[in-house]
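Q: Below you will find the structure I want to go over with you.
The values are calculated or read from the model by the stated rules, or taken from the named source; none is laboratory data. All values reported here derive from a predicted model rather than from experimental measurement. Cβ sites come from the backbone with ideal geometry, for glycine too, and all protein chains shown count toward neighbours.
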Amino acid sequence: MKRPTAPAASLLAILAISGAAFAQEKPAPKPTAKPRPLDHVGELAKDLEPTRTVVYKKVGDRELLLHIFEPEGFQPGDKRPCFHIIHGGGWQGMEPRRMFPFAADFAKRHGMVGISVQYRLYRPDGSVSVFDCVKDARSSVRYVRAHAAELGIDPDRIVVSGGSAGGHLAVATALFDAVNEAGEDTSVSCLPNALVLLFPVIDTSAEGYGQKKIGDRWEELSPVHHVRAGLPPTIIFHGTGDTTTPFKGAKAFHEKTIAAGNRGELVVNEGGAHGYLMRTEALYEETIEKSAAFLKSLGMIGG
């Protein structure tokens, strides 16, 4: 067998070294990212579907929906109390399904018409602002009250709820009277008969959450800066360890609520982080039970 000549041997050596280097430089395949495990409320929500959906508002060619859960035995012509809930996500994420379990459980356990609301999501390019999110929340309550008879709802027993930014939109239906969709019939009140706020965005100052998204007009949409007499009875659930929507904002809102002569309750979870009550069955059930007890004390639901 012929041995390769010196130049040929050198070429082979270079090729071998280059091949080895290429093999070393070739990037390893990226591991497939595992989906985040669902929390308790996420597990409950994944298989739930509403009884029906209704368009409550059109913005251009966009239709916004109410996802409605009707209780067992519901009949046309009923006058049921309503549990109307709004999802969070910093005004720019998540979807109505996130709050399906609350709507479904208040329908199933307490005979209410449960509703989970869709709204336009904030966009950093300015095409949808937090003011637009507030307008949609207020429109959704107006629609329910204006169409209460056909929805089988008592217009004087509408409970509005929400988590995080959804909690902000819930309380916005009671506070921000100047923020309404152009051309909407504002003679129909969007004032709830009660509020259930879950770790809400309640202070949009630099010490709270949302100032960067709202901009220079942040104080116009800061609930803690707009507390007044005549607000609906309000129960707030908040954790002292919340660093997203700091607990001190909820505490200040509660104290101002009481000082203004309104009825308010603050349920404190020591050390609870943002969204704590969504994470485990025990915390979720505690929230449902305490909310129901509050609503029973107001005559919103049966004893």
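Q: Is it the case, given these coordinates, that Ala293 is surrounded by fewer than 20 Cβ atoms within 10 Å (Cβ to Cβ), within 24 Å of Leu231 (Cβ to Cβ) and not charged (D, E, K, R)?
A: So Ala293 passes the test.
Q: Still on this structure: Under 6 Å by Cβ, and 6 or more places apart or on different chains, what pairs join a residue from the stretch 267-282 that is touching a residue at least 12 places away in the same chain (Cβ under 8 Å) with one that is basic (Lys, Arg) and surrounded by fewer than 19 Cβ atoms within 10 Å (Cβ to Cβ)?
A: Hits for this filter: Val267/Lys290.
Q: While we're looking at this one, here's another question. Report yes if Lys248 is of a type in the set (Lys, Arg), out of contact with any helix residue (DSSP H, G or I) (no Cβ under 9 Å at 6 or more places or on another chain), in contact (Cβ under 8 Å) with a residue 12 or more places away in the chain and under 22 Å from His225 (Cα atoms), otherwise no.
A: yes
Q: Of all residues in the stretch 179-214, which are surrounded by fewer than 12 Cβ atoms within 10 Å (Cβ to Cβ) and either basic (Lys, Arg) or without any contact (Cβ under 8 Å) to a residue 12 or more places away in the chain (or both)?
A: Ala182, Gly183, Ser187, Ala206, Lys212
Q: Quick one: is Arg109 out of contact with any Gly (no Cβ under 9 Å at 6 or more places or on another chain) and either touching a residue at least 60 places away in the same chain (Cβ under 8 Å) or in a helix (DSSP H, G or I) (or both)?
A: On the way: out of contact with any Gly (no Cβ under 9 Å at 6 or more places or on another chain): yes; either touching a residue at least 60 places away in the same chain (Cβ under 8 Å) or in a helix (DSSP H, G or I) (or both): yes.
Against the criterion (out of contact with any Gly (no Cβ under 9 Å at 6 or more places or on another chain) and either touching a residue at least 60 places away in the same chain (Cβ under 8 Å) or in a helix (DSSP H, G or I) (or both)), Arg109 qualifies.
Q: Quick check on this structure: which one of Ala146, Ala137 is of a type in the set (Gly, Ala, Ser), crowded, with 17+ Cβ neighbours inside 10 Å and within 20 Å of Pro233 (Cβ to Cβ)?
A: That would be Ala137, the only listed residue that is of a type in the set (Gly, Ala, Ser), crowded, with 17+ Cβ neighbours inside 10 Å and within 20 Å of Pro233 (Cβ to Cβ).
Q: Still on this structure: Filter the stretch 76-89 for residues that are surrounded by fewer than 20 Cβ atoms within 10 Å (Cβ to Cβ) and at pLDDT 95 or above and give the result.
A: Asp78, Lys79, Gly89 - these are the residues of the stretch 76-89 that are surrounded by fewer than 20 Cβ atoms within 10 Å (Cβ to Cβ) and at pLDDT 95 or above.
Q: Go through (1) of a type outside the set (Val, Ile, Thr); (2) surrounded by 20 or more Cβ atoms within 10 Å (Cβ to Cβ); (3) closer than 30 Å to Gln75 by Cβ for Ala174 and report which single condition fails.
A: Result: Ala174 passes all but (3).
Q: Given the structure, is Ile258 β-branched (Val, Ile, Thr), in contact with a Leu (Cβ under 8 Å, 6 or more places away or on another chain) and at pLDDT 95 or above?
A: no
Q: Something else about it: For Leu151, work out the one condition from (1) over 26 Å from Val54 (Cα atoms); (2) of a type outside the set (Asp, Glu); (3) touching a residue at least 60 places away in the same chain (Cβ under 8 Å) it doesn't fulfil.
A: (1)
Q: Scan the stretch 231-245 residue by residue and report those that are part of a loop (DSSP other than H, G, I, E, B) and within 19 Å of Asn193 (Cβ to Cβ).
A: Of everything in the stretch 231-245, those that are part of a loop (DSSP other than H, G, I, E, B) and within 19 Å of Asn193 (Cβ to Cβ) turn out to be Leu231, Pro232, Pro233.
Listed here are the residues, each with its yes/no results for (1) more than 25 Å from Pro200 (Cα to Cα); (2) assigned to a strand (DSSP E or B).
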position: Val55; (1), (2): yes, yes
position: Lys58; (1), (2): yes, yes
position: Leu64; (1), (2): no, yes
position: Ile68; (1), (2): no, yes
position: Gly73; (1), (2): yes, no
position: Pro81; (1), (2): no, yes
position: Ile85; (1), (2): no, yes
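Q: For the stretch 115-150, enumerate the residues that are under 23 Å from Asn193 (Cα atoms) and of a type in the set (Val, Ile, Thr).
A: Ile115, Val117, Val134, Val141, Val144
Q: I need the full set of residues from the stretch 115-158 which are closer than 15 Å to Arg80 by Cβ, of a type outside the set (Lys, Arg) and more than 15 Å from the chain's Cα centre (by Cα), in order please.
A: Selection gives Val144, His147, Ala148, Ala149, Glu150, Leu151, Gly152, Ile153, Asp154, Pro155, Asp156, Ile158.
Q: Looking at the stretch 50-72 only, could you name the residues that are in contact (Cβ under 8 Å) with a residue 24 or more places away in the chain and either under 19 Å from Gly152 (Cβ atoms) or touching a Pro at 6+ places or on another chain (Cβ under 6 Å) (or both)?
A: Correct list: Pro50, Val54, Tyr56, Leu65, Leu66, His67, Ile68, Phe69, Glu70, Pro71, Glu72.
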